Amino acid sequence: MVMIGILLALQINNWNEHRKDRVEEQIILKDLKTDFQADLLQLWEKIIGIKNSEANIISIATTLINKEKASFENFNMDSLQKALLIRPSFDPKVGNLNELNGSGKLRIIQNRVLRKHLSSWSSHLQEAKEIEERLHETRARTHDYLMEHFPMADLFNASGGWRRIKFKSNFSMDKSLILKDPKFENLLSLKSSWHQYLLRRYAVIEQEIQEILSLIEKEIKNESATTSSKIK
């Protein structure tokens, strides 16, 4: 009788612990769902920004290839700013996931496939960050180039917003000269190349987020269905 009592007590304790884990798991899953939904929206914004920048680069490159000085003089300066000085950076919400990894509570999530995706999430981000850094370096080189060959005051004022400054350039510079400079073309090519690389990486991340959200949603629905069944 004593042994039966002990075993029964252990079984009840295990059941209670399991129930607590399932409740905590649902809280974790819902927090992660909110984070990854926000990440997906941010990622879409970054993709749109890069594609817009790439479209402007192609427009400038077309002008460069055709060597149309008159066309370039009337070129939208804002397009130049958006094409060359954009700095994409995907910054997902990682607080909840970092806490899970740090506390060891990732084990609470029962779905092994989901746990695997969550464990490898940081590696996907690291690869994207490395490409973003290359783009940032290219942006810095482009900025330095324009500082020597272009009236930056005109460029900043054309971009509007917080970049706008309160004076115009006092120097007369032939903006079309950059069309004849192979270094400028190389900077365009380099930036366009990193754009394509980053877009491919972002596509992988987008697919990963969609898969994680799908698995999370499935686990939430399964638990909800199980709870409803027990109530009935």
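Any read-out appearing in this document is the output of simple, stated calculations on the displayed coordinates, not a laboratory observation. A quick note: this is a predicted structure, and the numbers were derived from the prediction, not measured. Backbone-built Cβ (ideal geometry, glycine too); neighbour counts: all protein chains shown.
Key figures
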item: Difference of contour (0.36 nm per residue) and Cα-Cα distance, Asn111 to Trp44; result: 21.4 nm
item: Projected-area mean, the range 87-158, by convex hull of Cα positions, square nanometres; result: 6.8 nm²
item: Sites Lys51 and Val23, calculated FRET efficiency, Cβ-Cβ separation with R0 35 Å, nearest 0.05; result: 0.25
